[in-house]
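S.K.: This is the structure I want to talk about, given as structure tokens.
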Amino acid sequence: MIYQNISNMKYRILLASLVLLTACAEKSQNDLIEQKVDDMLSQMTLEEKVGQLHQISAWGDAASMHDEVAAGRIGSILNFVDPVEINKLQRVAVEESRLGIPLLIARDVIHGYNTILPIPLGQAASFDPELVEQGARMAAVEASADGIRWTFAPMIDISRDARWGRIAESCGEDPYLASVMGVAMVRGFQGDSLNDPTAIAACAKHYAGYGAAEGGRDYNAANIPERQLRNVYLPPFEAVAKAGAQTFMSSFNEIDGVPSTANPFLLNDVLRGEWGFDGFVVTDWNSAGELMAHGVCVDKPDLVEKSINSGVDMDMMTYGFIEELPQLVEEGKVKQSVLDEAVRRVLRVKYRLGLFDNPYVDESLSDKVSLTPENLALARKAAVESVILLKNEGDVLPLGANVKSVAVVGPMAHMKYDQLGTWAFDGVSDRTVTPLEAIREIPGITVNYEPAFDSTRDKSTAGIPTAISAARRSDVVIAIVGEEAILSGEAHSLADISLKGAQNELIRQLSATGKPLVLIVMAGRPLTIGEQIEQSDAVFYSFHPGTMGGAAIADLLWGVEAPSGRTPVTFPKMVGQIPIYYNHTNTGRPFQGNETLLDDIPLKAGQTSLGCTSFYLDAGVEPLYPFGYGLTYTTFEYGEPRLSANEFSVDDTLTVETNITNTGSREATEVAQLYVRDLVGSISRPVRELKAFKRVNIKPGETVTVEFRLPISELAFYGFDYTRKVEPGEFNLWVCHDSNSGTPVSFTVK
Ligand code: NOJ
């Protein structure tokens, strides 16, 4: 016993020394970098400084950009992906430019590089940050092998509007989920050490409020009051800044009339002042140039002056900094110190990435690290975990040995390119495994394939009869519908988010055959498909699942894997319910559930406001599916949450345990979710807020105890006086299956 205590003590001392040593090493490494940055800065001319702040999109091969790079007039290049050409141009920067400052090569590596993972919304549906981190690491290894050392990800815009095409790129509607996933991506991209050649700098985007575009129309204005901005939209950005994300991107939109690229409150006060961010801010593509269209700048000099003075460091594609900054500095409109600070930030990131010591890429690497069996296996796992089982009536799924033939119909069954989703520039479509291909690999099954349409937008019903006859010849119908990749993503917003073309008619007729109908939806956003779900026996929702999506879907259909995806956003019943999200405030007249809907209002009913609540006469307020929802091939039962105490102080950590029993007959994963509600605050608080979640694998008949530890400090929010603190009072707490289930227990914060 005594011996054990001594060795425990020794272990602790050793550990403490190690932590201290690492901190010291990091500090001296940082000091060294700062010294090098200062040293470099002291040798730079005005033109060379401005060059570091200028980012271009590659306009050709290395030779075509030679002169500008040799003159030190370019700091970073995006959309340049050939390692041979990258090395050539890097050699110009390092060996021919006066100071030898290397270029920073950037690319949108959003959800994989050559091996494509599910779109970020699908990755968020996995509720599996470890897997998301592994995916980002894989993408970084593949991308860096081509010479890319900077990605414009993670995209952590809170998205409460499925009309917005860029919801596909987001981690959904919840600040906590988006924070956890954003941090996982940053860790994966940047790895353990930034100067490892496989590390790529992350870029938190789009800072800020871009997902709140009015009406879900891309680039539109956002109107977000400061408290809501801080409580809902900024937390993921703060989380990734603190996790070490090296760069931020200023968004296209304006908030309350102030475009982000000219917003010193966001860029200087909050990002740097409050969060201590010491990396650099890049504009979105020409977002500095667009300050004129926003109507806040008169000309190029004006927009350059405003954006750099507001805290922007690097200009993507406006050509404004390179053309106007020298003059503006000479005139004193931009202070030398502001310019120097921007250059310092860019150089700091270049030094941290080890680019000065190791500027070139091994040109033979890419073939060895891309699309490897391990990467494909990871993409398959990520796709499996991203798929959400929305319905499984009569336990149609998983398909059993009795199923000898299947009809595979619908336009998304075999679309190698579209299944990759938006922002898959470097994805290799040839390597995509579609559901059709994967199902054809299953032994002993006859596959009757009839796509019925040329695309998801095809309005012609001419192909439907052959699909119906395939259905009639088969034991089960698998209808794979949805949206092509181009229907979501940047600049691809929709006012109507139902299935396009004649897909609904196909589903109606398939349902009428009476054959068991399994609907699989592949899309970039939640679609309004309530009627189609009613017409189907089972439904899988698969946000564009990437390279191995088809294999994953076959695994799930035949029960090789049990589904575990959960909705990362609320699914609306109708587009008119948007914005719809689970963490709304209560209103003064909350919906009760017994309201009279449109068809039940008596004729000549008199006008009354008594008993009136906040709802739609034609759609109620309930969504099609709540946030956090998803079924699997078994059932789970939750016990009552057991709290470590009933009363806590602000410095305490609450512990809560809940038993979860697998009451079905197969092993599966449950995503246990912890929500709280602050019952009375200085401002109205959300009816529920996700604070933690855990994936737990449970065997049939087994009961596991899930434990969460929640620091009370995490209940803090920006209240009436705009300061962030925990407000004492009573709270409800749920440990449950989704944002709409469970029975709360309460506790008090003193
Ligand atoms: C515009 C997009 O908004 C942004 O997300 C992307 O990173 C840049 N273009 C660069 O491609």
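The values are calculated or read from the model by the stated rules, or taken from the named source; none is laboratory data. Fair warning: this is a prediction, and the values are worked out from it, not measured in the lab. Neighbour counts are summed over all protein chains in view; Cβ atoms, including those assigned to glycine, are modelled from backbone coordinates with ideal geometry. For accessibility, only protein heavy atoms count, side chains too; no ligands or nucleic acids. Shrake-Rupley method; radii C 1.70, N 1.55, O 1.52, S 1.80 Å.
S.K.: Could you say whether any residue in the range 236-247 is assigned to a loop (DSSP other than H, G, I, E, B), within 15 Å of the ligand (Cβ to nearest atom) and within 19 Å of Ala213 (Cα to Cα)?
M.R.: No, the range 236-247 contains no residue that is assigned to a loop (DSSP other than H, G, I, E, B), within 15 Å of the ligand (Cβ to nearest atom) and within 19 Å of Ala213 (Cα to Cα).
S.K.: May I ask you to verify whether Arg163 is assigned by TED's automatic domain parsing to the domain that holds Gly209 and surrounded by fewer than 24 Cβ atoms within 10 Å (Cβ to Cβ)?
M.R.: yes
S.K.: Considering each residue of the range 204-220, count those that are more than 16 Å from the ligand (Cβ to nearest atom) and open to solvent by less than 30 Å² (accessible area, probe 1.4 Å), and give that number.
M.R.: 0
S.K.: Right, here's the next one. Kindly indicate whether any position in the range 138-160 is away from the ligand (no atom under 16 Å from the Cβ), without any contact (Cβ under 8 Å) to a residue 60 or more places away in the chain and β-branched (Val, Ile, Thr).
M.R.: no
S.K.: Sticking with this structure for a sec: Cβ contacts < 6 Å: first residue open to solvent by 50 Å² or more (accessible area, probe 1.4 Å), restricted to the range 564-587; second residue not in a loop (DSSP other than H, G, I, E, B), any location; separation 6+ or different chain. Result?
M.R.: Between residues of the range 564-587 that are open to solvent by 50 Å² or more (accessible area, probe 1.4 Å) and residues that are not in a loop (DSSP other than H, G, I, E, B), the close pairs are Lys573/Gly530.
S.K.: Across the range 297-320, which residue is nearest to the ligand (Cβ to nearest atom) among those that are surrounded by fewer than 21 Cβ atoms within 10 Å (Cβ to Cβ) and in a loop (DSSP other than H, G, I, E, B)?
M.R.: For the range 297-320, the residue satisfying everything is Met317.
S.K.: Kindly state which strands (runs of 3 or more DSSP E) lie completely within the range 693-750 and contain at least 1 residues that are of a type outside the set (Lys, Arg), within 26 Å of Glu622 (Cβ to Cβ) and in contact (Cβ under 8 Å) with a residue 24 or more places away in the chain.
M.R.: Here the list reads 729-736, 745-749.
S.K.: I would also like to ask the following. Could you give every pair whose Cβ atoms fall below 7 Å, whose first residue belongs to the range 250-263 and is more than 22 Å from Ala491 (Cβ to Cβ) and part of a loop (DSSP other than H, G, I, E, B), and whose second residue is away from the ligand (no atom under 11 Å from the Cβ) and β-branched (Val, Ile, Thr), counting only separations of at least 6 or pairs across chains?
M.R.: none
S.K.: Just the residues that are touching a Pro at 6+ places or on another chain (Cβ under 8 Å) and part of a helix (DSSP H, G or I), please, taken from the range 321-354.
M.R.: Matches in the range 321-354: Glu324, Gln327, Leu328, Lys350.
S.K.: From the list Ala407, Ala401, Ala462, pick out the single residue that is more than 16 Å from the ligand (Cβ to nearest atom), open to solvent by less than 40 Å² (accessible area, probe 1.4 Å) and either among the small types (Gly, Ala, Ser) or in a loop (DSSP other than H, G, I, E, B) (or both).
M.R.: Only one candidate passes the filter, namely Ala407.
S.K.: Here is a check on your reading of the model: is Val569 modelled with pLDDT of 95 or more, under 27 Å from Lys699 (Cβ atoms) and out of contact with any strand residue (DSSP E or B) (no Cβ under 7 Å at 6 or more places or on another chain)?
M.R.: No.
S.K.: Among the residues of the range 608-644 satisfying the criterion of being among the polar types (S, T, N, Q) and within 17 Å of Leu598 (Cα to Cα), which is nearest to the chain's Cα centre (by Cα)?
M.R.: For the range 608-644, the residue satisfying everything is Ser614.
S.K.: Just to check your reading of the model, which residue among Pro197, Pro175 is farther than 27 Å from Leu104 by Cα, assigned by TED's automatic domain parsing to the domain that holds Asn79 and open to solvent by 10 Å² or more (accessible area, probe 1.4 Å)?
M.R.: Pro175
S.K.: Going through Asp458, Asp496 one at a time, which residue ends up being more than 23 Å from Leu390 (Cα to Cα) and of a type in the set (Asp, Glu)?
M.R.: Asp458
S.K.: Just the residues that are part of a helix (DSSP H, G or I) and among the hydrophobic types (A, V, I, L, M, F, W, C), please, taken from the range 355-374.
M.R.: Leu365, Val369
S.K.: Identify all residues within the range 505-531 that are closer than 25 Å to Ala125 by Cα and open to solvent by 10 Å² or more (accessible area, probe 1.4 Å); write none if there are none.
M.R.: Thr528, Gly530, Glu531
S.K.: Continuing with this model, one more query. Quick one: in the range 281-296, of everything that is away from the ligand (no atom under 15 Å from the Cβ) and touching a helix residue (DSSP H, G or I) at 6+ places or on another chain (Cβ under 7 Å), which residue is most open to solvent (accessible area, probe 1.4 Å)?
M.R.: Met292
S.K.: Could I ask something else about it? Scan the range 221-235 residue by residue and report those that are under 15 Å from the mean Cα position of the chain (by Cα) and either within 15 Å of the ligand (Cβ to nearest atom) or without any contact (Cβ under 8 Å) to a residue 60 or more places away in the chain (or both).
M.R.: Correct list: Leu234 only.
S.K.: Output yes when any residue across the range 102-121 is within 16 Å of the ligand (Cβ to nearest atom) and out of contact with any helix residue (DSSP H, G or I) (no Cβ under 9 Å at 6 or more places or on another chain), and no when none is.
M.R.: yes
S.K.: If Phe152 meets every condition in (1) touching a helix residue (DSSP H, G or I) at 6+ places or on another chain (Cβ under 9 Å); (2) open to solvent by less than 10 Å² (accessible area, probe 1.4 Å) apart from one, which number is that one?
M.R.: (1)
S.K.: Here is a follow-up. When you go through (1) more than 16 Å from the ligand (Cβ to nearest atom); (2) in contact with a His (Cβ under 7 Å, 6 or more places away or on another chain) one by one for Asp192, which number turns out not to apply?
M.R.: (2)
S.K.: Another one. Looking at Ala63, is it small (Gly, Ala, Ser), modelled with pLDDT of 95 or more and out of contact with any helix residue (DSSP H, G or I) (no Cβ under 9 Å at 6 or more places or on another chain)?
M.R.: In short, no.
S.K.: Filter the range 53-73 down to the residues that are open to solvent by less than 10 Å² (accessible area, probe 1.4 Å) and closer than 21 Å to Val349 by Cα, then identify the one that is nearest to the ligand (Cβ to nearest atom).
M.R.: The qualifying residue nearest to the ligand (Cβ to nearest atom) is Gln55.
S.K.: Find the residue count for the range 185-194, including only residues that are part of a loop (DSSP other than H, G, I, E, B) and crowded, with 16+ Cβ neighbours inside 10 Å.
M.R.: Total satisfying the criteria: 2.
S.K.: Look through the range 627-638, keep the residues that are open to solvent by 20 Å² or more (accessible area, probe 1.4 Å) and in contact (Cβ under 8 Å) with a residue 60 or more places away in the chain, and return whichever of them is nearest to Arg160 (Cα to Cα).
M.R.: Going through the qualifying residues, I end up with Tyr629.
S.K.: Being within 16 Å of the ligand (Cβ to nearest atom) and in the same structural domain as Ile56 (by TED's automatic domain parsing) is the requirement here; does Met185 meet it?
M.R.: Yes, satisfied.
S.K.: I would also like to ask the following. So in the range 249-277, with the set limited to residues that are surrounded by 24 or more Cβ atoms within 10 Å (Cβ to Cβ) and more than 16 Å from the ligand (Cβ to nearest atom), which one is nearest to Glu290 (Cα to Cα)?
M.R.: Taking the candidates together, the pick is Ala262.
Rundown of residues vs (1) without any contact (Cβ under 8 Å) to a residue 12 or more places away in the chain; (2) touching a Phe, Trp or Tyr at 6+ places or on another chain (Cβ under 9 Å); (3) not polar (S, T, N, Q), yes/no style:
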site: Met317; (1), (2), (3): no, yes, yes
site: Gly332; (1), (2), (3): yes, no, yes
site: Val349; (1), (2), (3): no, yes, yes
site: Glu363; (1), (2), (3): no, no, yes
site: Leu371; (1), (2), (3): no, no, yes
site: Leu376; (1), (2), (3): no, no, yes
